[in-house]
Amino acid sequence: MHLMQLPREVLLGGDLKGEVVNVAKRLGLGRKALVLYGRHTKKIAGREVEENLSGEYEVDGLPVKGATMEEVNRTLDEIREGEFDWLIAVGGGSIIDVAKLASFKAGVPFISFPTTASHDGIASANASIKDLGTKTSVKAVPPVAVIADVRVIKTAPYRYLAAGVGDMISNLTAVKDWQLAHRIKGEYYSEYAASLSLMSAKMVIKNADIIRLGNEESVRKVVKGLISCGVAMSIAGSSRPASGAEHLFSHALDAIAPKPALHGEQVGVGTIIMAYLHGMKWERVRETLKRVGAPTNAYELGIDPEYIIEALTIAHTIRPERYTILGKDGLTREAAEKAAKITGVV
């Protein structure tokens, strides 16, 4: 049996903080709601969402500090003690990931209200939690609804929008890795999920100059693509359509670099290298990232080239069960240096 779980509603537009009540009513969600937000996201949208809900629902707010199991468990305790019927996560990836895993464990639905468009976690079933040991993400459930307020998202620094492009363009190499695993390992492969994922990547390449403007239309382009990526993963039943060797490289950097960059920024740079290893047109990837103002090398990431090389040599160990262009033995130091230098990453 192949189970596909998808968001039931996706709202995209301006001034949507008051729409949460209508969405909750249409979906028949329960009387008690818990709003999750960060210190900053409470100010820009969380408080207003909480106030709007309070007229119709019993509401409480819970500040979240980061995507850790401690915060997931604290949220889970709050849900159970307060007997909350559903959650809404107002924030970036960390807050949404905590809500995603806590709601899954508690067996209650959650709504995603992203305040940035920096990666595809806003609509996917996968939660990235920092202290999962060797695991980089865990399967949970997708949100029952995504409410993307372009005016709220536009207030975030432009860097986050450019990182969203990096996360989407990585679908090009993620799908190549998936096809490779299908041919060599006989892994399940979905043409539908792969096609949807590739469409998102091609759309950001096509619309790079519009995205670079950083206006509401730019936000719409990126958010639509990120939601499509989340749907592609739901159709596939795994993160395969949007996560390959370039993501392993990013997770390796997270593990070893003293100050990692944004997820989408690292993934974008990883895509340049993996596209080269696949024999793809890696220059097109680099050019698109440059056009949207995303990093294309170690210097722009703010990471020492030595960590880039090391991450390339250990990336295959992050998820050994996930077959990619790196193979089971990974890259030698010489091969890693060559790939990074040819592509201009170091």
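Brief remarks follow.
- Just so you know, in the stretch 96-155 the residues that are over 17 Å from the mean Cα position of the chain (by Cα) and small (Gly, Ala, Ser) include one that is farthest from Lys32 (Cα to Cα), and it is Gly133.
- Where a residue in the stretch 36-56 is more than 19 Å from Pro143 (Cβ to Cβ) and its partner, wherever it lies, is of a type in the set (Val, Ile, Thr) and surrounded by fewer than 19 Cβ atoms within 10 Å (Cβ to Cβ), with Cβ under 7 Å and at least six apart: Ile44/Thr155; Glu56/Val21
- Exclusive hit being within 18 Å of Ser170 (Cβ to Cβ), part of a helix (DSSP H, G or I) and charged (D, E, K, R), set Lys338, Lys290: Lys290
- With respect to (1) at pLDDT below 95; (2) over 21 Å from Ser234 (Cα atoms), the lone exception for Asn22 is condition (1).
- The one condition in (1) surrounded by fewer than 24 Cβ atoms within 10 Å (Cβ to Cβ); (2) within 20 Å of the chain's Cα centre (by Cα) that Met274 fails to fulfil: (1)
- All conditions in (1) surrounded by fewer than 22 Cβ atoms within 10 Å (Cβ to Cβ); (2) in a loop (DSSP other than H, G, I, E, B); (3) over 21 Å from the mean Cα position of the chain (by Cα) hold for Tyr323, with the sole exception of (3).
- Extreme residue, surrounded by the fewest Cβ atoms within 10 Å (Cβ to Cβ), among residues of the stretch 160-190 that are assigned to a helix (DSSP H, G or I) and in contact with an Asp or Glu (Cβ under 6 Å, 6 or more places away or on another chain): Ala181
- When the criteria are applied in full, Arg212 fails the requirement of being more than 14 Å from the chain's Cα centre (by Cα), under 30 Å from Leu29 (Cβ atoms) and among the basic types (Lys, Arg).
- Filtered residues of the stretch 19-35 (kept if part of a helix (DSSP H, G or I) and in contact (Cβ under 8 Å) with a residue 12 or more places away in the chain): Glu19, Val20, Val21, Val23, Ala24, Lys25, Arg26
- Listed by first and then second residue, the pairs linking a residue in the stretch 252-266 that is in the same structural domain as Tyr299 (by TED's automatic domain parsing) and aliphatic (A, V, I, L, M) to a residue that is surrounded by 24 or more Cβ atoms within 10 Å (Cβ to Cβ) and assigned to a loop (DSSP other than H, G, I, E, B), with Cβ atoms under 7 Å apart and 6 or more places separating them unless they lie on different chains, are Leu253/Ile303; Ala257/Ile303; Ala261/Pro295; Ala261/Ile303; Leu262/Ser118.
- Against the conditions (1) of a type outside the set (D, E, K, R); (2) buried (at least 16 other Cβ atoms within 10 Å of the Cβ); (3) over 17 Å from Ala148 (Cα atoms); (4) touching a residue at least 40 places away in the same chain (Cβ under 8 Å), Val64 satisfies every one except (4).
- Pick from the stretch 103-123, criterion in contact (Cβ under 8 Å) with a residue 40 or more places away in the chain and part of a helix (DSSP H, G or I), ranking: nearest to Val21 (Cα to Cα): Ile122
- Candidate set: the stretch 234-251, residues that are in a helix (DSSP H, G or I) and either outside the structural domain of Pro295 (by TED's automatic domain parsing) or under 11 Å from the mean Cα position of the chain (by Cα) (or both); chosen: the one nearest to Glu187 (Cα to Cα): Ala242
- Reported count of residues in the stretch 206-233, each being of a type in the set (A, V, I, L, M), surrounded by fewer than 20 Cβ atoms within 10 Å (Cβ to Cβ) and assigned to a helix (DSSP H, G or I), is 1.
- If you check Gly46, Gly61, Gly66 for being of a type outside the set (A, V, I, L, M), at pLDDT 95 or above and not in a helix (DSSP H, G or I), only one passes: Gly61.
- Subset of the stretch 150-203 (residues that are touching a residue at least 60 places away in the same chain (Cβ under 8 Å), of a type in the set (Lys, Arg) and under 25 Å from Thr288 (Cα atoms)): Arg151, Lys154, Arg159, Lys176
The values are calculated or read from the model by the stated rules, or taken from the named source; none is laboratory data. Predicted, not measured: the structure shown is a model, and the values here were computed from it. A quick note on method: Cβ atoms are made from the backbone with ideal geometry, for glycine too, and the neighbour counts reach across all protein chains shown.
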